[in-house]
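Chemist: Have a look at this one.
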2 protein chains.
Amino acid sequence: MPDSRRPVPTTEVPAWDFEADVVIAGYGIAGVCAAIEAARAGADVLVLDRTGGWGGAAALSGGWIYLGGGTPLQRALGFEDSAENMETFMTAALGPGVDAAKIHAYAHGSLEHFHWLTDCGVVFKEQFWGEPGWEVPHDEGLGYSGGENAAPFKDIASPAPRGHVPQMTDKRTGVRGAGYMLMKPLVATAEALGVRAEYDIRAQALVTGPDGRVEGVVARRFGKDVLVRARRGVVLATGSFAYNTEMIETYAPRLIGRPAAAIEEHDGAGILMAQAAGAALAHMDATEVAFFGDPQMLARGILVNGRGQRFIAEDTYGGRIGQAVLIQQDNAAFLIMDMDSHEEALATETSTPYFRQPPTWAAETVAELEADMGLPAGALTGTVDTYNRHAADGTDPLLHKKTQWVRPLTGPVAAWDMRGFTAGFTLGGLRTDVDSRVLHVDGAPIPGLYAAGRCTSGVCAGGYASGTSLGDGSFFGRRAGVSAATGELLDLQ
Amino acid sequence: MPDSRRPVPTTEVPAWDFEADVVIAGYGIAGVCAAIEAARAGADVLVLDRTGGWGGAAALSGGWIYLGGGTPLQRALGFEDSAENMETFMTAALGPGVDAAKIHAYAHGSLEHFHWLTDCGVVFKEQFWGEPGWEVPHDEGLGYSGGENAAPFKDIASPAPRGHVPQMTDKRTGVRGAGYMLMKPLVATAEALGVRAEYDIRAQALVTGPDGRVEGVVARRFGKDVLVRARRGVVLATGSFAYNTEMIETYAPRLIGRPAAAIEEHDGAGILMAQAAGAALAHMDATEVAFFGDPQMLARGILVNGRGQRFIAEDTYGGRIGQAVLIQQDNAAFLIMDMDSHEEALATETSTPYFRQPPTWAAETVAELEADMGLPAGALTGTVDTYNRHAADGTDPLLHKKTQWVRPLTGPVAAWDMRGFTAGFTLGGLRTDVDSRVLHVDGAPIPGLYAAGRCTSGVCAGGYASGTSLGDGSFFGRRAGVSAATGELLDLQ
């Protein structure tokens with residue numbers, strides 16, 4: 001068969017190499033959750049992964065999973081939340097253009113999803129981490145992960161931390177990352193349910209019956225075609241297209257040269273094979289964008305663009321800063337700090353050495369710094385004057401950074417050239433409904449085809465919060481498993 | 001047959017209602033140019049249009065067509081240009097992520113394309129219009145239409161006007177718009193070549209043979225299916241998806257509620273029917289964005305965002321301002337002018353009454369204006385201080401507005417609230433090669449299927465210049481016609 005994405009007719013299949021009720025392509029977070037639910041629904045499940053083992057990007061990730069609505073962990077640590085409050089935040093922060101039905105289902109199903117995860121053996125330690133940062137420094141179980149407590153969202157929804165982090169210490173094997181500690185119990189759960197796995201096998205194209213129903217996949221293993229029959233359904237859980245250069249150029253060109261997905265297997269394969277069967281896409285330009293600056297420094301300084309202007313509350317979620325820098329500020333950002341604040345930031349326990357850089361310029365006055373940076377006279381001094389004027393009162397009426405981080409810049413100052421300090425992964429993909437059925441461009445589901453995780457467009461249409469990828473991958477992965485196994489649809493909306 | 005976009009197998013076609021060598025869906029700019037070239041290549045050509053006549057969005061448009069590389073009109077009016085210079089500008093202004101092969105073919109084929117258009121009877125009057133504005137005020141034939149002579153592009157490529165405007169006076173019928181005056185001679189050319197047209201007939205889905213080759217279209221006419229056979233090829237020229245609410249929500253949500261394509265038939269139909277056959281897409285988020293401000297006023301004022309900061313050279317192309325406002329400034333913009341400059345702008349011949357609005361706020365000083373606008377103290381005054389400081393020397397080192405428009409703001413000032421003054425149409429669509437063959441997601445052309453115009457992703461990946469839609473629609477429409485008629489490929493790169 002050709003090295004193509006085009007669906008292969010079942011009539012051209014001479015014999016099946018593997019058979020199962022539900023065949024899942026990809027053994028990351030969406031794949032394992034689909035496998036568990038499909039198996040529990042009575043299906044014989046086979047998971048294919050192109051690498052030598054389970055895990056996907058999830059096992060290598062920071063492990064944040066976005067949960068709320070008043071989880072036991074939130075409540076134990078003194079935070080109030082509700083499904084409605086969570087839905088309000090997600091709608092505001094993850095758009096424009098969010099899939100309202102998905103957000104609604106996700107927010108209202110989050111509490112049940114928390115219990116499902118812990119029932120599978122995922123452990124969240126009852127400890128909150130409230131400092132600025134990308135990752136929790138130890139094994140804390142809860143933190144802000146999307147700017148919920150920063151402007152403008154703190155005034156849109158009641159702030160609640162929803163970044164749940166699996167506890168990182170595995171007593172038997174030593175310290176492991178939170179992503180691994182999320183995946184490990186889930187895979188153990190799947191295995192206990194009899195889920196089978198085949199590795200080093202790469203799904204390549206769908207096999208379709210005469211009525212267009214998906215009946216299996218063509219895969220490649222060690223250079224040979226392998227034909228896998230799916231009696232009930234195929235679940236695509238193959239990850240993003242962050243490492244497909246051509247797709248990045250055609251859909252998300254701002255990410256050219258700056259991918260940051262966890263694994264290079266994220267080449268869009270699942271998206272392409274479904275597209276070849278007429279699947280619709282959504283939000284292909286949407287991207288998570290990391291900003292490689294130390295949050296402890298950012299919160300204490302002011303961040304300016306290439307014109308010396310502030311543009312975002314510096315104490316917000318780093319991913320939000322990254323998106324603003326890359327999309328709205330032409331990938332140009334400069335951090336301005338006075339020496340006192342810089343020393344204070346470095347003295348904190350969680351200033352991240354990885355993110356530390358020496359300043360690019362240092363000067364006795366802002367006017368000198370402005371000249372050293374090559375900015376027009378008045379561009380930066382005007383910005384600092386206005387910032388200082390209000391900071392003297394502990395306020396930031398321009399961007400509403402929280403009072404605790406607002407202090408006039410005084411004395412010697414320094415600037416960090418952070419142009420191009422961004423990288424990211426893609427959030428766009430297959431258009432699916434709330435039951436994880438892949439939708440054809442004419443709006444109807446493609447029979448026998450389901451998908452979840454970053455090969456789909458999930459809860460994030462534009463914005464991002466850490467934990468939403470593992471979050472919607474697991475949540476809608478489960479639904480993909482149920483739908484594929486039973487053909488029945490959940491109605492949890 | 002169902003009301004679906006899914007390809008219909010030829011084996012299910014009981015009888016053909018119409019037959020032709022080349023069938024073209026859509027009689028706008030791409031359709032007519034495809035028709036002419038297909039007919040000249042010896043094909044029997046049938047054009048289908050869902051409305052009651054030819055014209056499409058093109059006939060209702062401002063008629064700008066982007067041509068350069070040293071056209072006779074450019075040279076007669078004293079402007080130097082080259083294909084390389086044009087390619088440099090287009091690459092810089094229409095990205096990020098431009099299709100380099102398309103830009104190269106377009107820039108190097110532009111001179112020949114000019115002659116082709118004039119040979120078809122399109123008339124460009126030898127008169128240049130150099131004032132700020134969206135459209136030429138009379139029947140001038142040439143103007144800047146993409147910010148070529150404004151920062152930053154004036155320093156990237158040698159400025160040359162490339163907006164060619166068909167002369168608007170039709171001596172027999174009175175004054176007609178330039179878009180009509182572009183379409184009319186082209187349709188006459190097609191008709192003289194024997195091109196047939198059927199109106200009130202809406203292409204709905206493709207008809208495909210057993211090998212996947214496109215062999216016709218299913219269309220709807222007065223509620224009934226009509227089957228149209230294409231012996232050699234089908235050309236999709238059905239326009240953008242600006243009026244497809246679901247596609248806007250899923251691909252370009254910033255345009256929700258603000259479409260500005262010329263005609264509501266731009267519902268993405270051609271994109272969807274090709275997608276259903278496995279066609280790839282590109283740049284679905286890209287959008288042209290108009291900004292409804294008077295360019296004569298904008299050039300003389302300063303434009304600030306919701307934080308009171310300048311962000312773009314105010315004398316550049318309005319579409320560039322529109323994109324910056326919508327995408328980078330959260331759709332917030334305020335025009336600040338002093339009274340002298342305002343009066344001067346209104347006194348110009350081409351200040352556009354349509355764009356005039358009374359000021360939202362007026363005050364004796366910038367500080368008062370700032371307070372009236374609800375901006376933090378220092379936000380706007382700092383901006384104006386820095387602007388005035390350099391304007392006194394006739395410079396704008398922050399954004400490089402041209403010296404002729406730079407003057408300190410003095411005396412009473414006013415502000416216009418221009419939040420939401422944007423609308424636009426979509427630039428993304430089917431992925432085609434330089435021969436206008438529609439590409440399958442696996443990279444190979446779909447046999448028998450061609451496309452051009454705004455149902456494809458053309459020369460604009462992100463940025464825009466007025467005239468590039470009629471430009472690439474006509475240029476790659478011609479190639480679609482040749483390719484469909486002959487199966488031979490141009491190699492003009």
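The values are calculated or read from the model by the stated rules, or taken from the named source; none is laboratory data. Note that this is a predicted model, so its numbers are computed, not measured. Glycine also receives a Cβ, built like all others from the backbone with ideal geometry; neighbour counts cover every protein chain displayed.
Chemist: Where in region A:269-353 are there helices (runs of 4 or more DSSP H), lying wholly inside it, with at least 3 residues that are crowded, with 24+ Cβ neighbours inside 10 Å?
Modeler: Working: elements: A:269-275, A:295-300, A:318-323, A:339-347.
Fully inside region A:269-353 and qualifying: A:269-275, A:295-300, A:318-323.
Chemist: Charged (D, E, K, R) and within 14 Å of chain B (Cβ to nearest Cβ): which single residue out of A:5, A:40, A:50 fits that description? First the steps, then the outcome.
Modeler: Working: A:40 fails: within 14 Å of chain B (Cβ to nearest Cβ); A:50 fails: within 14 Å of chain B (Cβ to nearest Cβ).
On inspection, the qualifying residue turns out to be A:5.
Chemist: Now for a different question. Say we look at region B:345-399 and pick out the residues that are within 12 Å of chain A (Cβ to nearest Cβ) and of a type in the set (D, E, K, R); which of these is farthest from residue B:299 (Cα to Cα)?
Modeler: Step by step, filter region B:345-399, then rank; the result is B:370.
Chemist: So, one more: Going through A:457, A:469 one at a time, which residue ends up being touching a residue at least 12 places away in the same chain (Cβ under 8 Å), within 23 Å of the chain's Cα centre (by Cα), within 24 Å of residue A:87 (Cβ to Cβ) and away from chain B (no Cβ under 14 Å)? Outline the logic, then answer.
Modeler: Working: A:457 fails: away from chain B (no Cβ under 14 Å).
One residue alone meets the criteria, A:469.
Chemist: Shifting gears a bit: Identify, from the list A:320, A:307, A:258, A:254, the residue that is basic (Lys, Arg), more than 21 Å from the chain's Cα centre (by Cα), within 14 Å of chain B (Cβ to nearest Cβ) and within 22 Å of residue B:462 (Cβ to Cβ).
Modeler: On the way: A:320 fails: more than 21 Å from the chain's Cα centre (by Cα); A:258 fails: more than 21 Å from the chain's Cα centre (by Cα); A:254 fails: more than 21 Å from the chain's Cα centre (by Cα).
Being basic (Lys, Arg), more than 21 Å from the chain's Cα centre (by Cα), within 14 Å of chain B (Cβ to nearest Cβ) and within 22 Å of residue B:462 (Cβ to Cβ) holds for just one of A:320, A:307, A:258, A:254, which is A:307.
Chemist: Another question, then. Any chance you could count how many residues in region B:423-451 are under 15 Å from the mean Cα position of the chain (by Cα) and either more than 25 Å from residue A:282 (Cβ to Cβ) or within 14 Å of chain A (Cβ to nearest Cβ) (or both)? Full working, then the answer.
Modeler: Taking region B:423-451 as the starting set, the residues that turn out to be under 15 Å from the mean Cα position of the chain (by Cα) are B:423-429.
Those left that are additionally either more than 25 Å from residue A:282 (Cβ to Cβ) or within 14 Å of chain A (Cβ to nearest Cβ) (or both): B:426-429.
Total meeting the criteria: 4.
Chemist: Name the single residue, out of those in region A:133-175 being hydroxyl-bearing (Ser, Thr, Tyr) and in contact with a Phe, Trp or Tyr (Cβ under 9 Å, 6 or more places away or on another chain), that is surrounded by the most Cβ atoms within 10 Å (Cβ to Cβ).
Modeler: Initially, region A:133-175 is screened for residues hydroxyl-bearing (Ser, Thr, Tyr), giving A:144-145, A:158, A:169, A:173.
Now restrict to residues that are in contact with a Phe, Trp or Tyr (Cβ under 9 Å, 6 or more places away or on another chain): A:144-145, A:158.
Details: A:144: 23, A:145: 28, A:158: 18.
So, considering only residues that are hydroxyl-bearing (Ser, Thr, Tyr) and in contact with a Phe, Trp or Tyr (Cβ under 9 Å, 6 or more places away or on another chain), the one surrounded by the most Cβ atoms within 10 Å (Cβ to Cβ) is A:145.
Chemist: Mind listing whichever residues of region A:220-243 are within 16 Å of residue A:281 (Cα to Cα) and not β-branched (Val, Ile, Thr)?
Modeler: Within region A:220-243, A:236, A:237, A:239, A:240, A:241, A:242 meet the criteria.
Chemist: Looking at residue A:210 and the list (1) of a type outside the set (Val, Ile, Thr); (2) within 30 Å of residue A:297 (Cα to Cα); (3) more than 21 Å from the chain's Cα centre (by Cα), which single condition is not satisfied?
Modeler: (2)
Chemist: Then there is this: Just one of the numbered conditions (1) modelled with pLDDT of 95 or more; (2) closer than 19 Å to residue B:420 by Cα; (3) within 14 Å of chain A (Cβ to nearest Cβ) is not true of residue B:288; which one?
Modeler: The single condition residue B:288 does not satisfy is (3).
Chemist: Take the residues in region A:402-422 that are of a type in the set (Val, Ile, Thr) and over 21 Å from residue A:253 (Cα atoms); name whichever of them is nearest to the other protein chains (Cβ to nearest Cβ). Give the derivation first.
Modeler: Step one: list which residues in region A:402-422 are of a type in the set (Val, Ile, Thr), which gives A:403, A:406, A:410, A:413, A:422.
Still in the running and over 21 Å from residue A:253 (Cα atoms): A:403, A:406, A:410, A:413.
On the way: A:403: 15, A:406: 13, A:410: 17, A:413: 17 Å.
Selected residue: A:406.
Chemist: Considering (1) within 21 Å of the chain's Cα centre (by Cα); (2) surrounded by fewer than 22 Cβ atoms within 10 Å (Cβ to Cβ), say which one residue A:105 fails and leave the rest.
Modeler: Result: residue A:105 passes all but (2).
Chemist: Can I ask one more? Kindly provide the set of residues from region A:377-408 that are surrounded by fewer than 22 Cβ atoms within 10 Å (Cβ to Cβ), assigned to a loop (DSSP other than H, G, I, E, B) and touching a residue at least 40 places away in the same chain (Cβ under 8 Å), ordered by number.
Modeler: A:399, A:400, A:402, A:407
Chemist: Checking residue A:197 against (1) more than 30 Å from residue A:293 (Cβ to Cβ); (2) outside any strand (DSSP E or B), only one condition comes out false. Which one?
Modeler: In the conditions (1) more than 30 Å from residue A:293 (Cβ to Cβ); (2) outside any strand (DSSP E or B), residue A:197 misses (2) alone.
Chemist: Just one of the numbered conditions (1) free of Cβ contacts under 8 Å to residues at least 12 places away in the same chain; (2) touching a Phe, Trp or Tyr at 6+ places or on another chain (Cβ under 6 Å) is not true of residue B:426; which one?
Modeler: Evaluating residue B:426 over (1) free of Cβ contacts under 8 Å to residues at least 12 places away in the same chain; (2) touching a Phe, Trp or Tyr at 6+ places or on another chain (Cβ under 6 Å) leaves (1) as the failure.
Chemist: Still on this structure, I have one more. Go over the candidates B:239, B:257 one by one and state the one that is under 25 Å from residue B:135 (Cα atoms), of a type outside the set (Asp, Glu), assigned to a loop (DSSP other than H, G, I, E, B) and at pLDDT 95 or above.
Modeler: Working: B:257 fails: at pLDDT 95 or above.
Unique residue meeting the criteria: B:239.
Chemist: Could you grab the pairs with beta carbons closer than 9 Å, sequence gap of 6+ or different chains, first residue in region A:25-54 and more than 11 Å from residue A:237 (Cβ to Cβ), second one part of a loop (DSSP other than H, G, I, E, B) and at pLDDT below 95?
Modeler: Cβ pairs passing all conditions: A:41/A:488; A:50/A:265; A:51/A:263; A:51/A:265.
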